[in-house]
Ligand SMILES: C[S@@+](CC[C@H](N)C(=O)[O-])C[C@H]1O[C@@H](n2cnc3c(N)ncnc32)[C@H](O)[C@@H]1O
């Protein structure tokens, strides 16, 4: 998800051409067989962090540095090194969203992530909202199996111990059947694919398009309120945002005062 914008930030920071070439080469390698489906060793995880972000410790997830989570038996595939929402961004969004929902008098019971990937964003949202039920779907069975196993290891550390968790190897379109009649937050974070270019991120071009996912979720007709968190980028195709905001109620969002987060991450929070 954060591939192209990482490159933009690198450009903005005047990183030299060699480093950028390394970034694109590494990203391409990790998203292509056999690396995309390979479980990375700790050496490969550190190298991915170095190549993608200039920091061998960049792949911090579940509140831990790579060596710490790797020592616990947590594993990721090559493609996940590119796609994962790393701790600092996941934590920022999760705390911001939890703050806004609490300020609006809403206590979230369930968090559902239909494009769960590593589950790192789901993990931080469950922690920040103190939801008691979490559900992750992913169409890629290998990713889903690994994610489920990683969460079992987090449980051994007594993380999320009051949360009921389920993971299903399913297409996102099945997610409405996992929404119960309780206040629910759904993470809408489909692969960006070709949706991000020089014009910015166009939410109508993600795979699947974000408006389609929102329509399907709203059609679930549950009695509890449904909120949707859409992770985005500071550079957006405005028509794609306007089209969504005119159909749903947008809640206020928070900007980070950390320049690294501010330049890379933004989000939309809706009540459907
Ligand atoms: C950008 S990643 C999500 C990253 C996640 N937020 C994290 O923190 O790791 C998108 C995920 O959506 C999954 N995916 C793609 N198409 C899907 C579909 N039709 N239904 C469910 N999952 C899908 C991919 O396998 C991938 O793991």
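Rule-based calculations on the coordinates, nothing more; no lab input. Since the model is a prediction, treat every value here as computed from it, not as a measurement. All Cβ positions, even for glycine, are placed from backbone atoms using ideal geometry, and neighbour counts span all protein chains on display.
How would segment 122-174 be classified by its alpha-carbon gyration tensor: rounded, prolate or oblate, with rounded meaning a/c under 1.5 and the a/b versus b/c comparison settling the rest?
oblate
From Cα coordinates alone, what are the radius of gyration and Dmax values for the chain in angstrom?
When restricted to Cα atoms, the chain yields Rg and Dmax of 17.7, 54 Å.
With runs of 4+ DSSP H residues as the only contributors, calculate the mean residue ellipticity of the chain at 222 nm using -39,500 (n - 2.57) per run, divided by the residue total and rounded to the nearest 500.
Roughly -12500 deg cm²/dmol at 222 nm, from the helical runs in the chain.
Looking only at segment 64-105, which residues have a backbone nitrogen under 14 Å from a spot 7 Å from the Cα of residue 260 in the C-beta direction?
64-66, 86-92
Give the percent of DSSP beta bridges with both residues in the chain that are antiparallel, rounded to the nearest 5.
Here the antiparallel bridges make up roughly 45 percent for the chain.
Starting from the Cα of residue 162, step 7 Å along the direction of its Cβ; do the same at residue 41; then give the gap between the two resulting points in nm.
Spacing of the two 7 Å Cα→Cβ label points: 4.2 nm.
Per residue and in Å³, how big is the convex hull formed by the alpha-carbon atoms of segment 190-262?
Cα convex hull per residue, to the nearest whole number: 106 Å³.
In percent, how large is the relative contact order of the chain, given Cα pairs closer than 8 Å and 6 or more residues apart?
Relative contact order for the chain comes out at 15 percent.
Under the Kirkwood approximation applied to all pairs of distinct alpha-carbon atoms, what is the hydrodynamic radius of segment 33-131 in Å?
Radius from the Kirkwood sum: 14.3 Å.
Starting with the fewest neighbours, write out 241, 210 ranked by other beta-carbon atoms found within 10 Å of each beta-carbon.
Lowest count first: 241, 210.
Report the residues of segment 194-234 in range of a label on residue 139: point 7 Å along Cα→C-beta, backbone N strictly under 17 Å from it.
194-196, 204-217
Sort segment 65-213 into rounded, prolate or oblate with this rule: let a ≥ b ≥ c be the square roots of the eigenvalues of the Cα gyration tensor; rounded if a/c is under 1.5, and if a/c is not under 1.5, prolate when a/b is larger than b/c, oblate otherwise.
Here segment 65-213 falls in the rounded category.
Is the shape of segment 224-272 rounded, prolate or oblate, going by the alpha carbon gyration tensor and its root eigenvalues a ≥ b ≥ c, with a/c under 1.5 for rounded and a/b larger than b/c for prolate?
Oblate is the answer for segment 224-272, as a/c is 1.5 or above yet b/c matches or exceeds a/b.
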